[in-house]
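> First the structure, then my questions, so here it is.
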Amino acid sequence: MATRDGAVGRALTFFDEGGFEGLLAELVAIPSTSQEESGAPGLVAYLDTAMRPWLERMGFAVTISPNPLPGFGPILTAQRIEDPARPTVLLYGHGDTVRGLEDQWRAGLSPWKLTREDGRWYGRGTADNKGQHALNLAALEAVLAERGGKLGANVKLVIETAEERGSKGLREFIAGHAQELAADALIASDGPRVEPGVPTIATGTRGTFHFELRVKLREGGVHSGHWGGLTTDPAIRLSHALATIMDHDGKILVRGWLPAGGVPAPVKKVLEGCPVGGGDGAATIDAHWGEPGLTSAEKIYGWNSFIVLAMLSGRPENPVNAVAPEATAFCQIRYTVDTAPTVFEPALRAHLDAHGLADVQIVNPGIRMPASRTAPDHPWVGWTQDSMARTLGKRVQIIPASSGGLPGDVFVDHLGVPLVWIPHSYNGCKQHGPDEHMLISAAREGIASFAGIWWDLGEAGTPPRG
């Protein structure tokens, strides 16, 4: 007789006997970077030669469509409909990766070859995002095998190949295919857990708003001996502008950028006791940094942050004795849904003017990725948390926003689905850089969790539809 324990056991046997490792090695070997023109064939190969046959074996009807925007990678959609009266879950993943950066990986590692070492799988895409959506599909395959080819529910899937270029075209595509992609919930995987050993559910993401601060005073540099002390130094003006935006302990001073009512009570409640950590040692959690009175979890999952991504004045690689003509800072605000991004530019302009900094220009302001959030107490979130806790026998932490960027807003705006992100990675995985890896222990919990979710989806007790 088919059982839940049998389904989870099948998934873990596949994992423990090397089946998933072999599958992941095949996926990593496809150089599907979307950030280099040479990677374009890999984007097609990932969808057409790796994903399509696997999905068709599981009974999906698969379509690969061109991106609505020219110059960006194709999009795969797939459907497995057993009974329209039963719940339908939408899966999402992305098959593209960032650049390989082959020359920067340490000795013995390669971006396009899976390497197992010290409880980790190294390779480009292991954490972001091939390994994550492959775990979910492998778990589904195990449940179908346990149930004799039936799930008892419906699954739809979107795999894009332009996520590492800002998911260009995804919004237009989902808008144009909203009826066929309609679902009761999005349950998918990307991003990191709050800590490596803490199973996590994120119900949204903070958005990203980018702009440049620029002080341009003349067309060229002037001799520092002749003009130093007489003519205005743009780097100094820019530094003072930044100092008015944030104090020396990281408190944002442009208070119009922040949620007017503070961290909302439901967000505070779900973040009580939430741990934060588990990085690779490249950074520290500094208790004094950021908004006073907030916990680390509230700062990163429930508040806004300001970051200077880069600064430039003169030629740092070859300084000369001159007062530079201009200085620029490339800046980012990560914001929650509790702040309207339309306030960022006017609030900053008024703030700079009030501090006598009218010469500091705000250049190229705009949203790169909108914020999104499903209520942490949504029935689908609670149902998923209960399923995972039953499978793993441990606490499952809910957070209102992933610490990284995800295109959840697209699915909320055009499909109206609640967001249930279940990350299988951690914040020390080195995604986007050399030596990207996936923790094998977290991956094992991930495949077990999803086997339980797929099984429970076919049972009674799912959240009410509509």
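> With the requirement that a residue be under 20 Å from Arg334 (Cα atoms) and part of a loop (DSSP other than H, G, I, E, B), what does region 263-273 give you?
Val263, Pro264, Leu271
> Among the numbered criteria (1) of a type in the set (Lys, Arg); (2) touching an Asp or Glu at 6+ places or on another chain (Cβ under 9 Å); (3) free of Cβ contacts under 8 Å to residues at least 40 places away in the same chain, which one does Arg349 miss?
With respect to (1) of a type in the set (Lys, Arg); (2) touching an Asp or Glu at 6+ places or on another chain (Cβ under 9 Å); (3) free of Cβ contacts under 8 Å to residues at least 40 places away in the same chain, Arg349 is out only on (2).
> With the condition kept exactly as written, say whether any residue in region 218-226 is touching a Gly at 6+ places or on another chain (Cβ under 9 Å) and in a loop (DSSP other than H, G, I, E, B).
Among the residues of region 218-226, at least one is touching a Gly at 6+ places or on another chain (Cβ under 9 Å) and in a loop (DSSP other than H, G, I, E, B), which makes the answer yes.
> Looking at region 358-382 only, could you name the residues that are within 30 Å of Arg237 (Cα to Cα) and outside any strand (DSSP E or B)?
Ala358, Asp359, Val360 - these are the residues of region 358-382 that are within 30 Å of Arg237 (Cα to Cα) and outside any strand (DSSP E or B).
> When you scan region 182-198, do you find a residue that is open to solvent by 40 Å² or more (accessible area, probe 1.4 Å), in contact with a strand residue (DSSP E or B) (Cβ under 8 Å, 6 or more places away or on another chain), within 24 Å of Pro463 (Cβ to Cβ) and in contact (Cβ under 8 Å) with a residue 12 or more places away in the chain, even just one?
yes
> List pairs: first residue in region 285-308 and more than 19 Å from Pro341 (Cβ to Cβ), second residue in a helix (DSSP H, G or I) and open to solvent by 20 Å² or more (accessible area, probe 1.4 Å) anywhere in the structure, Cβ distance under 6 angstrom, at least six positions apart or on different chains.
Going by the 6 Å Cβ cut-off, the qualifying pairs are Ile285/Ser296; Gly290/Lys299.
> I've got another one for you. What residue, of Ala297, Ala283, is assigned to a helix (DSSP H, G or I) and either open to solvent by 80 Å² or more (accessible area, probe 1.4 Å) or within 16 Å of Ser403 (Cβ to Cβ) (or both)? Spell out the reasoning first.
On the way: Ala283 fails: assigned to a helix (DSSP H, G or I).
Every option except Ala297 fails the conditions.
> Tell me which residues, restricted to region 219-251, are in contact with an Asp or Glu (Cβ under 7 Å, 6 or more places away or on another chain) and either open to solvent by less than 40 Å² (accessible area, probe 1.4 Å) or at pLDDT below 95 (or both).
Answer for region 219-251, where residues must be in contact with an Asp or Glu (Cβ under 7 Å, 6 or more places away or on another chain) and either open to solvent by less than 40 Å² (accessible area, probe 1.4 Å) or at pLDDT below 95 (or both): just Pro234.
> Can you name the strands (runs of 3 or more DSSP E) wholly within region 80-133 that have at least 1 residues being crowded, with 19+ Cβ neighbours inside 10 Å and touching a residue at least 24 places away in the same chain (Cβ under 8 Å)?
Result: 88-94, 120-122.
> Okay, moving on. Is there a residue being of a type in the set (D, E, K, R) and in a strand (DSSP E or B) anywhere in region 55-69?
The initial filter retains those residues of region 55-69 that are of a type in the set (D, E, K, R), namely 56-57.
Imposing the further condition that a residue be in a strand (DSSP E or B) reduces the set to none.
No, the conditions are met nowhere in region 55-69.
> Looking at region 41-51, is at least one residue in contact (Cβ under 8 Å) with a residue 24 or more places away in the chain, in a helix (DSSP H, G or I) and open to solvent by 50 Å² or more (accessible area, probe 1.4 Å)?
yes
> Now a separate question. Which ones in region 58-70 are surrounded by fewer than 22 Cβ atoms within 10 Å (Cβ to Cβ) and in contact (Cβ under 8 Å) with a residue 40 or more places away in the chain?
Met58, Gly59, Ser65, Asn67, Pro68, Leu69, listed by residue number.
> Please determine, by comparing only the residues of region 428-438 that are closer than 14 Å to Gln132 by Cα and part of a loop (DSSP other than H, G, I, E, B), which one is modelled with the highest pLDDT.
Selected residue: Glu436.
> So, one more: Which condition breaks for Leu309 when tested against (1) farther than 22 Å from Met369 by Cβ; (2) open to solvent by 80 Å² or more (accessible area, probe 1.4 Å); (3) not hydroxyl-bearing (Ser, Thr, Tyr)?
If we test Leu309 against (1) farther than 22 Å from Met369 by Cβ; (2) open to solvent by 80 Å² or more (accessible area, probe 1.4 Å); (3) not hydroxyl-bearing (Ser, Thr, Tyr), just (1) comes out false.
> Determine which single condition Gln385 fails, assuming it passes every other condition in (1) open to solvent by 50 Å² or more (accessible area, probe 1.4 Å); (2) part of a helix (DSSP H, G or I); (3) more than 20 Å from Val270 (Cα to Cα).
Condition not satisfied by Gln385: (3).
> Considering Ile201, Ile174, which residue is touching a strand residue (DSSP E or B) at 6+ places or on another chain (Cβ under 9 Å) and part of a helix (DSSP H, G or I)?
Only one candidate passes the filter, namely Ile174.
> Also: Within the bounds of region 399-407, is there any residue that is part of a strand (DSSP E or B), within 21 Å of Glu298 (Cβ to Cβ) and at pLDDT 95 or above?
yes
> Of the conditions (1) modelled with pLDDT under 95; (2) open to solvent by 50 Å² or more (accessible area, probe 1.4 Å); (3) over 23 Å from Thr342 (Cβ atoms), Gly261 clears all except one; give me its number.
(3)
> For region 441-454, name all the residues that are open to solvent by 20 Å² or more (accessible area, probe 1.4 Å) and not basic (Lys, Arg).
Once the filter is applied, which keeps residues that are open to solvent by 20 Å² or more (accessible area, probe 1.4 Å) and not basic (Lys, Arg), region 441-454 yields Ser441, Glu445.
The values are calculated or read from the model by the stated rules, or taken from the named source; none is laboratory data. The structure displayed is predicted, hence computed values, not measured ones. Every residue, glycine among them, receives a Cβ derived from its backbone with ideal geometry; neighbour counts consider all protein chains shown. SASA here: full protein model, heavy atoms, side chains in, ligands and nucleic acids out. Shrake-Rupley method; radii C 1.70, N 1.55, O 1.52, S 1.80 Å.
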